[in-house]
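Reading through the structure tokens given below for one structure.
Every number in this text was worked out from the coordinates using simple rules, so none of it is lab data. All figures in this text were calculated on a predicted structure; none of them were measured in a lab. Heads up, the Cβs are rebuilt from the backbone with ideal geometry, glycines too, and the neighbour counts pull from every protein chain shown.
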Amino acid sequence: QVQLVESGGGLVQAGGSLRLSCAASGRTFTIYAMGWFRQAPGKEREFVARIGWSGGNTDYADSVKGRFTISRDIAKNTMYLQMNSLKPEDTAVYYCAASRSWPVYRRSSDYAYWGQGTQVTVSS
């Protein structure tokens, strides 16, 4: 099993920045990729970004490309999401997820482990 704990959410004004972290513990050697998803009230969970754990390959949703950057620190078993130029439509609960397989795509079903989520609220 892998446990994931997110941190770094909060309230920020439009145009501001936040950095989310996701710390992994447990059987972290089984992780092939990690990703971020988000869910706004009344909407389905959507893919934000993902990173290959060993190779560092990244993929971004079009809505965040150029504003968000995903990264990881293998030694710390931690993934990050740097969010810049935030918009009110970025408001959501952000979840980190880990996959035991590769390749991995943008589907929630590609990921076996999930964190509890952290709230990001962007005010206009």
Trp114 paired with Arg67, simple spin-label distance in nm, labels 7 Å along Cα-to-beta-carbon = 2.4 nm
Based on Cβ point charges of +1 for Lys and Arg and -1 for Asp and Glu, what charge dipole magnitude is obtained for the chain about its Cα centre, in debye rounded to the nearest 20?
-> 160 debye
Among the lysines, select those whose C-alpha is under 28 Å from the C-alpha of Lys87, and discard any that sit fewer than 8 residues away in the same chain.
-> Lys43, Lys65
Low-density loop positions, GluC sites (Glu not before Pro), region 1-64 - DSSP coil, at most 10 other Cβ in 10 Å = Glu44
Farthest towards the positive end of the dipole of the chain, among Ala49, Val104, Ala61 and with Cβ unit charges of +1 on Lys and Arg and -1 on Asp and Glu, lies the Cα of Val104
Kirkwood hydrodynamic radius of the chain, from inverse mean 1/r over distinct Cα pairs, in Å | 14.2 Å
Using a basic spin-label model with each label point 7 Å from the Cα along Cα→Cβ, how many nm lie between Ser54 and Thr30?
-> 1.7 nm
